Structure formats: structure tokens, C-alpha cells
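Beneath this line is the structure, given in C-alpha cells, with notes to follow.
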Amino acid sequence: MIAVTAGVVTAPAAGAAEAEALALLKGMTTFMSAQQAMSFRYDSDLEVVTTEQQRLTLASSGTVSLARPGRIRATRSTGFADVETIFDGSTFTLLGKKANVYMGTPEKRPTPYLAVTGV
């Protein structure tokens with residue numbers, strides 16, 4: 001009985017919180033879509049547990065710069081790789097600094113396609 005009562009009491013509050021969260025998300029989306037240029041730095045940790053229950057943490061950091069209508073530059077550095085990707089609106093370039101590898105290819109797909117696929 002207590003769980004049912006608590007669920008009934010908190011349901012309107014949950015609906016209000018969800019509506020507020022959606023309004024905030026819409027406001028953020030509107031603001032970000034109006035920006036012609038943006039950039040940020042990031043740090044990330046990926047934890048992997050081996051079959052022997054050993055926990056490994058893989059740390060990486062990087063930068064992302066975006067200038068509309070179609071320029072993206074991203075870097076990612078880890079203990080294993082140091083990669084830079086660039087899309088200038090017509091050419092997609094990948095540079096592996098530690099591996100000393102370079103690749104460039106003409107690309108006419110729109111920027112959102114490249115962003116979704118990992119650039």
C-alpha cells in the first residue's frame with residue numbers, strides 16, 4: 001500500500017520534471033543550432049573488465065572545433081594513438097601522428113553525416 005501511494009503522489013511531480021527537462025533540452029537545441037562556430041575540449045575514461053576480473057582504465061583527451069556550414073576538426077590522444085581528423089567541406093583527412101599515417105579523400109556528404117559516423 002505504501003509503494004502504491006508513493007507512486008500516485010510522485011507521478012504528477014515526475015510529469016512536471018519531464019516537461020521541464022524537455023523544455024530545457026529544446027532551449028539548448030535551439031541555442032546550439034544557431035551557433036555558427038563552437039569548440040570544446042574533452043577528457044574521457046573507458047573502463048574495461050577482463051575475464052580475470054582485472055579492471056583496466058583507458059584514458060583519452062581531445063578537442064573538437066566546428067565551423068558551419070561544413071568544417072570539423074577533431075583530435076584524440078590516448079596512450080596508444082594520437083589522431084587528428086579534419087573535414088574542410090570538400091576533403092576528409094585523417095592523420096595518425098604516432099603511426100605516421102595520412103589519408104585524405106574527397107567527400108561531398110553533409111556535415112551531420114560525418115558527425116554521426118565518428119568524425
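One table, with the values for the structure above:
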read-out: Pair list, Cβ under 6 Å, 6 or more apart: segment 94-117 residue β-branched (Val, Ile, Thr), other residue modelled with pLDDT of 55 or more and open to solvent by 70 Å² or more (accessible area, probe 1.4 Å); value: none
read-out: Output for segment 82-107, where each listed residue is acidic (Asp, Glu) and in contact with a Leu (Cβ under 8 Å, 6 or more places away or on another chain); value: Glu84, Glu107
read-out: Matching option when the condition is open to solvent by 40 Å² or more (accessible area, probe 1.4 Å), assigned to a strand (DSSP E or B) and either modelled with pLDDT of 90 or more or touching a helix residue (DSSP H, G or I) at 6+ places or on another chain (Cβ under 6 Å) (or both), among Ser65, Ser60; value: Ser65
read-out: Members of segment 37-74 that are over 18 Å from the mean Cα position of the chain (by Cα) and either under 28 Å from Glu107 (Cβ atoms) or among the aromatic types (Phe, Trp, Tyr) (or both); value: Pro69
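The values are calculated or read from the model by the stated rules, or taken from the named source; none is laboratory data. These numbers come from a predicted model, not from an experiment. A quick note on method: Cβ atoms are made from the backbone with ideal geometry, for glycine too, and the neighbour counts reach across all protein chains shown. In case anyone asks, the SASA skips ligands and DNA or RNA and just uses the protein heavy atoms, side chains included. Shrake-Rupley method; radii C 1.70, N 1.55, O 1.52, S 1.80 Å.
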